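Note sheet for the following structure.
The values are calculated or read from the model by the stated rules, or taken from the named source; none is laboratory data. Not measured: the values here are computed from a predicted model. Cβ placement follows ideal geometry from the backbone for every residue including glycine, while neighbour counts extend to all protein chains displayed. Ligands, DNA and RNA are excluded from the accessible area calculation, which covers all protein heavy atoms including side chains. Shrake-Rupley method; radii C 1.70, N 1.55, O 1.52, S 1.80 Å.
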Amino acid sequence: MADNPPTPQQIREDLSLRRQKVVSEMGSPERIERQHARGRLTIRERLDRLFDPGSFREIGTFAVSEVPDVRDRTPGDGKIGGWGTIDGRAATACGDDVTVLHGSSSVVGGRRMKRIYEQSLQQGVPFVYFGETGGARLPDSLGSEGFSKIAASVEMGRRRRRIPLATAIVGESFGGSSFHSAYSDFTVQVRGAALNVSSPRVIEIATGERISLQDLGGVDIHLDITGQIDRAAEDEDDAIAQIKRFLSYLPSNCRELPPVLDGYDHAEPDPGLADLVPTRRQRAYDMHRVIARIVDNGEVLDLKPRFGRSLITTLARIGGQSVGILASNPMFNAGALDPNTCDKGTQFLCMCEAFNIPTIWLQDVPGFIVGSQPEHARLLHKAIMFLEALSLLTVPRFTIVMRKAFGLAYFSLNGGNDNNMLSTAWPGAEISFMDPGVGVNVVHARDIAEAADSNAERQRLVDEWTLGHEPWGAAGIMNLDEIIDPADTRRWLLEAVQRFPVTPPRRGETKELASWPTCV
């Protein structure tokens with residue numbers, strides 16, 4: 001006599017027990033303890049902290065490796081993810097599960113991650129990734145058959161920034177997870193984690209070079225040298241908090257506007273603002289202090305704060321609306337632009353364009369940096385790339401020349417009236433082809449050499465030259481909309497943001513700049 005078939009209740013109980021075992025044990029309880037002993041969370045714990053309590057729904061819970069010999073020890077096949085809400089807004093997320101074969105990339109795990117990512121595109125919501133993997137799984141990926149199954153994903157290369165993509169590097173990340181970070185609009189790396197294409201061991205075998213993991217791809221390397229991360233985090237909770245903060249400035253997708261916060265539409269005069277900017281152009285000051293007085297509650301989110309430091313790129317709000325600020329920082333290289341600032345600025349513009357964020361430009365720039373090193377670092381091409389990105393920018397842009405703006409850098413930082421919704425300057429600002437002192441030395445060298453009192457004569461010529469550089473001339477021919485009282489800077493920007501709202505693209509429409517490569 002055949003056994004009685006299971007009842008619906010028994011089927012449900014079996015499903016519940018299977019799910020509970022996969023979720024609670026993961027690769028094994030011992031590997032979970034090992035992860036905790038290293039001071040790190042499991043991927044499921046990260047997802048629980050990212051999403052609002054009770055909102056996470058996993059996709060692909062019962063996935064296992066396609067290789068029969070390891071199916072019983074590969075629950076999830078090294079990748080975990082699903083969907084939920086972050087601060088009440090829908091989102092998807094995925095990450096590496098190091099309790100299963102070190103989170104290595106494999107066929108089924110990759111298929112699971114691809115499925116979650118495709119659903120985020122279809123739903124039109126942000127995608128968050130937690131990177132901590134040793135790269136491709138061996139020996140599965142060896143040989144032509146295995147290797148061809150894990151071909152590089154092209155889905156993210158076709159994203160065209162339709163949805164925000166953020167990555168947290170939370171451990172040693174090689175190969176696939178490092179690629180995800182490079183595709184991202186925002187990458188935060190936890191101190192102690194590493195972000196590389198190859199491991200130090202592979203490099204030593206291939207080239208003989210010996211280098212530590214942190215010297216190869218630690219936080220400080222990427223903050224200062226490569227610019228391949230946007231922020232550093234002290235721990236995983238800090239990384240998750242920073243991702244949430246970043247997403248709060250962005251819409252869920254490219255066809256929506258960023259969320260607007262209520263209650264920040266005040267703009268009282270600020271007479272002390274001008275005191276933060278020395279009148280002598282040679283004196284440095286920290287532009288961050290100026291920005292804090294202009295934006296809502298002084299709150300900003302600096303991106304790449306230690307890379308290309310003479311240009312600040314930061315998200316903020318004015319009147320509750322998200323804005324992207326590009327500002328000179330005279331504390332570094334006198335605010336001069338260089339190849340790194342051009343890369344940094346271009347990437348920032350692409351993000352602002354894609355996600356309908358108006359841009360504010362605060363100029364105090366002596367020009368592009370000069371010398372053989374920047375020239376050999378492809379300054380020419382980097383500068384034109386930045387200028388080309390600006391020429392394709394369609395979101396509203398508002399410019400204020402605060403103290404000086406010389407040479408091509410004036411136009412690279414959105415000077416002039418072409419496609420500029422608001423072009424203003426503070427009184428006393430200088431705008432010209434070059435620094436007056438340099439110009440006097442070049443143009444009037446003979447006059448100075450022949451002068452009886454060369455110091456007095458030089459000062460006279462500098463005064464004459466400087467007079468022609470003041471903003472009244474540009475304002476007189478309507479290449480500046482207005483010369484404004486520094487105390488009214490926030491009011492001008494608040495009114496400009498309100499006057500020129502962003503119009504998102506309709507379904508089917510695309511923006512050229514939004515489709516530019518993520519890595520520039």
Requested in this report: For the stretch 175-193, indicate whether the set of residues that are closer than 23 Å to Asn340 by Cα, touching a residue at least 24 places away in the same chain (Cβ under 8 Å), of a type in the set (Phe, Trp, Tyr) and part of a helix (DSSP H, G or I) is non-empty.
Outcome: yes
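Which residues, taken from the stretch 24-54, are of a type in the set (A, V, I, L, M) and closer than 24 Å to Ala241 by Cα?
Here is the first cut: in the stretch 24-54, the residues of a type in the set (A, V, I, L, M) are 26, 32, 37, 41, 43, 47, 50.
Selection gives Ile32, Ala37, Leu41, Ile43, Leu47, Leu50.
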Query raised in the report: Conditions: (1) without any contact (Cβ under 8 Å) to a residue 60 or more places away in the chain; (2) under 25 Å from the mean Cα position of the chain (by Cα); (3) buried (at least 18 other Cβ atoms within 10 Å of the Cβ). Thr74 meets all but one. Number of the miss?
Result: (2)
Query raised in the report: Is it true that some residue in the stretch 114-134 is open to solvent by 10 Å² or more (accessible area, probe 1.4 Å) and touching a His at 6+ places or on another chain (Cβ under 9 Å)?
Result: yes
Requested in this report: For Arg306, work out the one condition from (1) assigned to a helix (DSSP H, G or I); (2) modelled with pLDDT of 95 or more it doesn't fulfil.
Outcome: (1)
**Report entry** Neighbours by Cβ (under 7 Å, 6+ apart or cross-chain): first from the stretch 287-305, within 17 Å of Arg231 (Cβ to Cβ); second basic (Lys, Arg) and in a helix (DSSP H, G or I)
**Finding:** Leu301/Arg245; Lys304/Lys344
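For every residue, the table says whether it meets (1) modelled with pLDDT of 90 or more; (2) surrounded by 12 or more Cβ atoms within 10 Å (Cβ to Cβ); (3) aliphatic (A, V, I, L, M).
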position: Phe411; (1), (2), (3): yes, yes, no
position: Ser423; (1), (2), (3): yes, yes, no
position: Ala429; (1), (2), (3): yes, yes, yes
position: Asp447; (1), (2), (3): no, yes, no
position: His469; (1), (2), (3): no, yes, no
position: Met478; (1), (2), (3): no, no, yes
position: Leu494; (1), (2), (3): yes, yes, yes
Query - Those residues of the stretch 387-424 which are out of contact with any strand residue (DSSP E or B) (no Cβ under 8 Å at 6 or more places or on another chain) and touching a residue at least 40 places away in the same chain (Cβ under 8 Å), in sequence order - result: Ala389, Leu390, Leu392, Thr394
Query - Candidate set from the stretch 171-207 (those that are out of contact with any Ser or Thr (no Cβ under 6 Å at 6 or more places or on another chain) and aromatic (Phe, Trp, Tyr)); member that is surrounded by the most Cβ atoms within 10 Å (Cβ to Cβ) - result: Phe186
Query raised in the report: Which of the residues spanning the stretch 258-268 are within 27 Å of the chain's Cα centre (by Cα) and open to solvent by 90 Å² or more (accessible area, probe 1.4 Å)?
Result: Asp262, Asp265
Query - Of all residues in the stretch 13-49 being assigned to a helix (DSSP H, G or I) and in contact with a helix residue (DSSP H, G or I) (Cβ under 7 Å, 6 or more places away or on another chain), the one that is least open to solvent (accessible area, probe 1.4 Å) - result: Arg46
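Take the conditions modelled with pLDDT under 75 and open to solvent by less than 30 Å² (accessible area, probe 1.4 Å) and apply them to Ala474. Does it pass? Please lay out each step first, then the result.
Numbers: modelled with pLDDT under 75: yes; open to solvent by less than 30 Å² (accessible area, probe 1.4 Å): yes.
So Ala474 fits the description; yes.
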Report summary line: Selection over the stretch 283-303 where residues are crowded, with 16+ Cβ neighbours inside 10 Å, in a helix (DSSP H, G or I) and under 20 Å from the mean Cα position of the chain (by Cα) yields a count of 3
Query raised in the report: Restricting attention to the stretch 407-431, which residues are part of a strand (DSSP E or B) and within 24 Å of Leu494 (Cα to Cα)?
Result: Leu422, Ser423, Thr424, Ala425
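Filter the stretch 324-376 for residues that are open to solvent by 30 Å² or more (accessible area, probe 1.4 Å) and more than 23 Å from Ala429 (Cα to Cα) and give the result.
Asn340, Gln347, Gly371, Ser372, Gln373, Glu375, His376
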Requested in this report: Report, ordered by the first and then the second residue, all pairs with beta carbons closer than 8 Å, sequence separation of six or more or different chains, a first member in the stretch 229-242 that is in contact (Cβ under 8 Å) with a residue 24 or more places away in the chain and more than 22 Å from Tyr183 (Cβ to Cβ), and a second member that is open to solvent by less than 30 Å² (accessible area, probe 1.4 Å) and outside any helix (DSSP H, G or I).
Outcome: Glu234/Val190; Asp235/Val190; Asp238/Val190
Query raised in the report: Which one is least open to solvent (accessible area, probe 1.4 Å), of the residues in the stretch 154-169 that are assigned to a loop (DSSP other than H, G, I, E, B) and among the hydrophobic types (A, V, I, L, M, F, W, C)?
Result: Ile163
Report summary line: Scanning the stretch 50-66 residue by residue, those open to solvent by less than 50 Å² (accessible area, probe 1.4 Å) and of a type in the set (A, V, I, L, M) turn out to be Leu50, Ile59, Ala63
Report task. Among the candidates Arg231, Arg245, Arg210, single out the residue that is surrounded by 15 or more Cβ atoms within 10 Å (Cβ to Cβ), basic (Lys, Arg) and in contact with a helix residue (DSSP H, G or I) (Cβ under 7 Å, 6 or more places away or on another chain). Result -> Arg231
Query - Search result, residues across the stretch 26-39 that are touching a Lys or Arg at 6+ places or on another chain (Cβ under 9 Å) and not hydroxyl-bearing (Ser, Thr, Tyr) - result: Met26, Gly27
**Report entry** From the options Pro271, Pro251, residue that is part of a loop (DSSP other than H, G, I, E, B), open to solvent by 80 Å² or more (accessible area, probe 1.4 Å), touching a residue at least 40 places away in the same chain (Cβ under 8 Å) and not β-branched (Val, Ile, Thr)
**Finding:** Pro271
